[in-house]
Structures are given as C-alpha cells and as structure tokens.
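Notes for the one structure printed next.
The values are calculated or read from the model by the stated rules, or taken from the named source; none is laboratory data. Small disclaimer: the values here were computed from a predicted structure and weren't measured. Using ideal geometry, Cβ is built from the backbone for each residue, glycine included, and neighbour counts are taken over all protein chains shown.
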Amino acid sequence: MPVGWAVAIVALWLSVIALAVVVIGALRQITSHLASLAGQPAPVRAQGPAVGSKLPDLAPTDGRGAAVLLFLSAACGPCRVLAEEISSADLGELARFLIVVTDPDGLDALRLPAGLRVLTVPENTQAEEFGIPGRPFAIAADQDGIVRGAQLLNTVAHITDFAAAKLSPELAPAGVPS
C-alpha cells in the first residue's frame, strides 16, 4: 500500500476519534442543560473538592458553624435563574447557613437579597482555590471547614436537600429536614 494511502487512513481514523469526543462532550452538556430545565439536579460529576478535604483559607470562618457555599456567576444562565429564585423565596433557615460565592464584577447583576452572606472571589480564583468544575455549584462544609459534599445544584429545594443530606444532624441548622 502506498504511503499516501496509509497517511490518509490514519488521518481519517484520527478525525473519527476527534468527532466522537466532541459528540460525547455535547451530549453531556445537553443532558445537564435538560436536567436544569426540568428542575432536577444536574448529573453529579466526579469533580470539585474531595470529601474530607479542607476548604481554602478564602472561605469564611465566622464561627457560625456548618455552611453551604453556593458558587454563582452572572454570566451563567442557570445561575441567574437560581439567584432569582433565591431572591423571591422565603429562605427561612436556609439563610442562616447559605453563603453565596460570586465574582465581584457580577454581584450587582445577580440581585441577591439583602442580608444574605456573600463572599466575593474572582472567578479564576474560585476554580483554582475551590476546585469547582462549573456553576451553579455547592460545597457543604462542617464548622471546621471540612468538605462534606460537593455538587452541581439548580433550585433552592435542591440546596436545602443537599445541606440536610451532607451535614450531619448536629451540624444541620434547625428547621432543615434530614
């Protein structure tokens, strides 16, 4: 077989493999997007900080006990929808332990309710320091800053359920169902 044909066949196979990778990536994005539209939690990804690891020093340690850090971005459509839901919801006990982490430049665009704890961290630092794969993303941590869970979330109900499931009963704020 001439060398030209061999090179063409190898190039063809490499193209097929590259196309398969692109199609798989697109399918994962579509699945995640459809889940968020349906109001269901997005598929859990094996990314984010490891359970049992310590949060970086950037995380607030204000002595209020366990917390759920919710990472939002004004440039993220599902984040804007979730921020709107947070603003219109009666957060009740959720407000006691929820800390929204966002980029300082996007804080005004999210229109979060007054009184909600907010930590402003540049988006590139969020990914580097906290290891988050995307947004909206939540990290549940105990009073010592130890990660108890990390997941992509889409609604206030998902955040409440996540907090109750990941924080042990003695760490979960009163009023959060377990």
#### Entry: Residues of segment 71-119 classified as free of Cβ contacts under 8 Å to residues at least 60 places away in the same chain, under 21 Å from Gly149 (Cα atoms) and not hydrophobic (A, V, I, L, M, F, W, C), total
2
### Task
Quick one: in segment 90-104, of everything that is modelled with pLDDT of 85 or more and more than 18 Å from Lys166 (Cβ to Cβ), which residue is farthest from the chain's Cα centre (by Cα)?
Pro104
### Query
If you take the residues in segment 1-49 that are of a type in the set (Ser, Thr, Tyr) and within 28 Å of Gly134 (Cβ to Cβ), which one is modelled with the lowest pLDDT?
Ser36
## Note on the structure
Heads up, the strands (runs of 3 or more DSSP E) in segment 81-163 (entirely inside) with at least 3 residues that are surrounded by fewer than 22 Cβ atoms within 10 Å (Cβ to Cβ) are 117-120, 147-152
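In segment 61-74, is there at least one residue being surrounded by fewer than 13 Cβ atoms within 10 Å (Cβ to Cβ) and at pLDDT 85 or above? If you could, list the steps in order and put the result at the bottom.
Within segment 61-74, the subset surrounded by fewer than 13 Cβ atoms within 10 Å (Cβ to Cβ) is 61-63.
Filter once more, keeping what is at pLDDT 85 or above: none.
Within segment 61-74, not a single residue is surrounded by fewer than 13 Cβ atoms within 10 Å (Cβ to Cβ) and at pLDDT 85 or above.
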